[in-house]
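One structure is given below, encoded as structure tokens.
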Amino acid sequence: MGDLAGKRVIITGASKGIGRAIAERLAVEQCALALMARSGDLLVQRAAACERKGAKARAFVCDVGDAGQVAGQFQAAIDWLGGVDCLVNNAGLGYFARFDELALSHFDEMLSTNLRGPFLCAQAVVPAMKQAGDGLIINLASIAGKYASERGAGYCASKFGLMGMSECMGLDLRGLGIRVSAICPGSVNAPDFRQGRATRIKPEDMIQAEDIAEAVVYLMRQPSRIFIREMEVRVTKVS
């Protein structure tokens, strides 16, 4: 299992939730972290918290659905890091409503953040990874990218798309030494995502953000000769 100290990592959606947990976990591993999110003040706090753990970290405010922002901020991040070893495409959001009641604005926002965002961000890191002949892209997908659910039409559409794109990315980029992995969590204890979704699982029995952070560490520790195409994470107890 590889040593992660000094690995240069870009994490999107790093200001809270799963992104925050991933950043803090990789800070313990002494990675160099470029943290991205739309919320600047909170992101600066996260970077400072990672630095207190001994990691090199900096905040880069970026809306991943905005091509101009991605181009500018990713170039700035790669220049600051001196390259990039791993991209964690974590930024995501969900609105849940019956199909005929789902607002078009919510549908568009989910596609922009959950699908367009990973596309733009991955394209932004490929040149540096291609030059290095090595790299890892981790896409935070979802069980909702494999199985349909009531009130999940827009969210499932974005995550089904991400799963398809992730698999194609893996096929296209493996010859360049770039590995692509998708993590598909089940029920995560994230209040923003629980709104509008029915679940019988107690919060304490749900997947925690820290569990996904451990999955990211596991993928990053794998030798460059292999990649894990997909990791499905499920809860143990269902009430």
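Things to note:
- Whole-Hz Karplus values for region 64-73 come out as 5, x, 9, 4, x, 5, 4, 4, x, 6 Hz, taken residue by residue from phi with 6.51 cos²θ - 1.76 cosθ + 1.60 and θ = phi - 60°; glycine and proline positions read x.
- Neighbour-limited loop hits for trypsin sites (Lys or Arg not before Pro), region 55-136 (at most 16 other Cβ within 10 Å; DSSP other than H, G, I, E, B): Arg98
- Assuming charge only on the beta carbon of Lys and Arg (+1) and of Asp and Glu (-1), the dipole of region 42-101 about its Cα centre is about 420 debye to the nearest 20.
- When the alpha carbon gyration tensor of region 1-152 is reduced to an equivalent ellipsoid, the three semi-axes, largest first, read 28, 16, 15 Å.
- Between the amide H of Ala57 and those of Leu33, distances stay under 5 Å, these residues lying 5 or more places away or on another chain, with hydrogens modeled in the peptide plane.
- Under 5 Å, built H, 5+ apart or other chain: amide partners of Ala14: Met36, Ala37
- Rounded percent of accessible protein surface that carbon and sulfur make up, the chain, 1.4 Å probe: 51
- Å² of accessible area per residue within region 1-139, as computed with a 1.4 Å probe and no ligands counted: 43
- Region 27-55-region 128-149 distance, computed between alpha-carbon centres (Å): 21
- Cα-centre dipole for region 1-138 with unit charges at Cβ (Lys and Arg positive, Asp and Glu negative), debye to 20: 400
- Relative packing of peptides 154-164, 104-114, 7-17 - highest average C-beta neighbours within 10 Å first: 7-17, 154-164, 104-114
- The chain: angle of helix 153-173 to the longest principal axis, Cα-based, in degrees nearest 10: 30
The values are calculated or read from the model by the stated rules, or taken from the named source; none is laboratory data. Fair warning: this is a prediction, and the values are worked out from it, not measured in the lab. In this analysis, Cβ positions are derived from the backbone assuming ideal geometry, glycine residues included, and neighbour counts consider all displayed protein chains. Just so you know, the surface numbers come from the protein's heavy atoms only, side chains and all, with ligands and any DNA or RNA stripped out. Shrake-Rupley method; radii C 1.70, N 1.55, O 1.52, S 1.80 Å.
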